[in-house]
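Since the structure comes first, as C-alpha cells, the remarks are kept for the end.
The values are calculated or read from the model by the stated rules, or taken from the named source; none is laboratory data. Note that this is a predicted model, so its numbers are computed, not measured. Note that each Cβ is placed from the backbone with ideal geometry, even for glycine, and that neighbours are counted across all protein chains shown. What goes into the accessible areas is simple: the full protein's heavy atoms, side chains included, and nothing from ligands, DNA or RNA. Shrake-Rupley method; radii C 1.70, N 1.55, O 1.52, S 1.80 Å.
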Amino acid sequence: MPIVDDIEAKRTSPDDSLESWVMDKVDSWDDNYNSNYRDKHDEYYRLFRGIWAKEDATRGTERSRIVSPAIQQAVESNVAEIEEAAFGRGNFFTITDDKDDPDQQDVAQLRKMMHEDFGKLRTKQHIAEIILNAAIFGTGIGEVVLDTITDTVPDEEITPDGQSRIIGVTERERTVTKLVPVMPKHFRIDSAASNLTDAIGCAIDRDVPTHTIEILQEKGVYLDDVSVTTDVTDDDRSPDIEVHQSAKGQTRLTKYFGLVPRHLLEKAKMPPNSHMVEILDDKDDEGSFYIEAIVIIADGGQLMKAEQNPNMMGDRNIVAFQWDKLPGMFWGRGVVEKGYNSQKALDAEMRARIDALGLTVHPMMGVDASRMPRGAKPTIAPGKMILTNGSPSEVLHPFKFGEVSQITFPQAQSLAAMVQQATGAVDMSPGNINADQGSAAMSMSKGSVLKRHKRTQLNFEEAFLVPFICKVAYRYMQYEPEKFPARDYKFIVKGNLGIVAREYEVAQLGQILQTVGDDSPLKPALIEAIVDHMNVSNKEEIIALMKEASKPNPEKQKADEELRQAQMAFQASQTAALNGQAAESQARAEKYNAEMRAVPVKLEQEQAKIAALMDDEDDKRFDQRMQILDRELKERGIQAKEIDKESAKAAPQQPQQPPAAPEQPTFRTFK
C-alpha cells in the first residue's frame, strides 16, 4: 500500500467538496497553460488560417496585413502524408487472437464490428481532425466517449392469423464508442507530468450546448436536480479566436479524469442531508488515499456526476500524441512551430515590399502650401482640377521615392524554401523543381523527407492509434460481453506508406523493372508491387487479374508437354541416324585399311612363287617383270592413301593420335 504524506491529508477537511478540489486543480493548470502556451497556440492558429492580428506586426510602421500561405501548405502537406499512410489502404488496423485460443471467430467478429462502427460514427474524420490539431499546435488529443445508439433495420413479421405479413423496422439499442477531438486550448493537464499516465489527472474544459446536458439529465446520466446557466461570457473557450461574442444556449462543462481523494468521492456520492463520517488519517484497508474517478462539473462549481472509474482496465478516456516529441514535456512541437521563424521572416519581407510599392506606385506631389487656395484638398485623382495661386509648374511638383529593389523577389523564394526545409514539406509543383538537379540528388532529398515523416507516423501509431483501438475493444468486451468475450487480443496497426513515399518507391521499382528481362520470374512480382503502390480505384481488380493470368493453364501445360516430348523424340531419331552413319563410315574405313594391308603380302607371295619356278635362263625376263611389279605396287599404295583420306573425312571427329608407321614391304631380288 502506498504511503501518503500527512501534508496531503491536511489539505482536505470534512467541509471540503469534491467539485472545489477538482476545480482548484483545473484552475491552477489553466493558469499554467495561459502563461506558457495560450499566446503561442493562438498565433499558430492565426498563421494556419492566414489571419492577421495587431500583435503579429513585425515593425511599428507596418501597414500591409498579408500572411504568406507557405506554412499553410506545409501543414496540409504533412497532414495529408500522415492521413494517407494511416487510411490510404482501407482498413487501418487488424486484430489477432492469442495463440492458445483455437477459435478465431470471436476476433473476426470484433474486428468486423469495429470497422462497421468506425464507418458509421465517422471515426476516420475525427482522427483526421486530431492529426490536423497536432500539426498546428504540436499535440493531438481525443476523448473516448461511450454512447448508446439505436440501430434501425428493415424487418417483417406475420400477423396473428397468419394470412398476411407486416413490413416495418426493428430498433435495437447497443453501446458504441465515439472519438471526440479536443483542441489544446480546451485541455488541461498536470503541469508536472510528461504523459497522461504520470499525471494526477487531466480535464476537458469547454462550452457545450445546454440541451445536450439537459438530455443527459433526463436519461439519468447527470444529476437532474442541478440547474445550469445558458449564457457563457468567457470568449477564451471559443474554438475560433475570431469570435468575440459567444452564442447563446451554451454552458461551461468540465470533465475531470484522474485521481481524487477517496473520502471526497464517497461524500459526493452520498445524499446531501446525510452525515459524513470523519476522514481517517491512518487510512483503512479499503484502499489508498487517492482513487481513480470521473468527475463532471458544470458552470465551474455544479457537480453533475461523480463516480469511480468504471472502465474494467482502469484506463482514462483520453488519448493523445505529439507530432514531434519534446523531452520531458507533454506538449509537443508541430509543423507551424518548426517553420515559425521562416514564416515570420517571409511575412516581413512580403509586407515590406508591399509597403514600398505603396510609396513608389501611387502618384505623389510636392506642393507649395503658401500658394495654394484656402480650403483646397491636397489629393490627386484622374481628371481632378487643382487650383493654384500662380503657375502650376511652380506650385506643384511630382514627387517619387524611387524603385523597389528587385532583390526582394529571390529573397522571398529563399525564405519559402526555408519554410519547406524546416517543416519537411514537399512541394513538387513545376515551379519548385530544379531541372539541373540530378535524379540521385532528388532521391536523396526525398529520402530525408520520408525519414521525418516516419518519425511522426511512429508517434501517431504508438501513442494514439494503438491505445485508441485497445480502449474501443475493451469497451466492447465490457458492455457487449455476449458478442465479444474477454480475450487477450493483440492489436496490430497497418502502417502504410504516404503519398510521397509511395511515389518514391514506385520510381525505384520502375528502375529495377527496366533491368529485368521479359522471361524473368521477378517481372510479375515487380509489376504487382508497382500497381499495389498506385492510388487507382480498381487497384484490387488489376492485381486479381494479374494473379489469375499468372496461374498455369492445364490445357496449355498438356500441349506444351506433348510438344516437348515430340521435340525430344525428333532429336533422338536424328541422333540415332547420325550415329548409324558414323558407324557405317567407320566400318568402311576399316575395310579399306584391311584390303590395303593385304595387297603387299599377296604380291610377295607371287614374287616368291615366280622366283622358285624361274631358272637362270630367264633372269633377264625376270628383271623386266620385277620392274612392272614395282610400278604396280607404287600405284596401289597411292590409291590406298587416297581411300584413307576419304574415310577420314566421312568418319566423325575423334581425338587425333599420331598415326602408326605403315609396314613397308620387303623386296628381295633373286638372280
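Could you rank the peptides 189-201, 291-303, 159-171 by their average count of other C-beta atoms within 10 Å per residue, with the highest value first? Spell out each step's value before the answer.
Details: 189-201: 16.3, 291-303: 19.6, 159-171: 8.5.
Per-residue mean Cβ counts within 10 Å order the peptides as 291-303, 189-201, 159-171.
If you rank Cys470, Cys202 by how much accessible surface each has, with a 1.4 Å probe, what is the order from largest down? The partial results should precede the final answer.
On the way: Cys470 25, Cys202 0 Å².
From most exposed to least exposed: Cys470, Cys202.
A Förster radius of 35 Å, combined with the Cβ-Cβ distance separating Ser227 from Glu55, puts the computed FRET efficiency at roughly 0.35. In this rough spin-label picture, where each label sits 7 Å from Cα along the Cβ direction, the His397-Arg564 distance is 10.2 nm.
Separation of the range 152-205 from the range 289-335 is 19 Å, based on Cα centroids. With the Cα gyration tensor of the range 296-388 giving a ≥ b ≥ c as the square roots of its eigenvalues, does the rule (a/c under 1.5 for rounded; else a/b larger than b/c for prolate; else oblate) give rounded, prolate or oblate? Prolate. Ligands, DNA and RNA excluded, the heavy atoms of Ser35 present near 100 Å² of accessible surface to a 1.4 Å solvent probe. Using a probe of 1.4 Å on the protein chains alone, the accessible area found for Tyr222 is around 20 Å². Residues Lys377, Lys267, ordered by accessible area of protein heavy atoms at a 1.4 angstrom probe radius and largest first, appear as Lys377, Lys267. Placing unit charges on the Cβ atoms only, positive for Lys and Arg and negative for Asp and Glu, gives the range 13-70 a dipole magnitude near 820 debye about its Cα centre. Extending 7 Å from Cα along the Cβ direction at Val208 and again at Glu548 yields two label points whose distance is 5.2 nm.
Go through Asp42, Asp27 and list them by solvent-accessible area, largest first, probe radius 1.4 Å. List each step's numbers first, then the result.
Numbers: Asp42 35, Asp27 70 Å².
Final ranking, largest accessible area leading: Asp27, Asp42.
Taking each of Lys112/Lys219; Lys120/Lys547; Lys40/Lys255; Lys124/Lys454 in turn, the alpha-carbon distance tops 28 angstrom for Lys112/Lys219; Lys120/Lys547.
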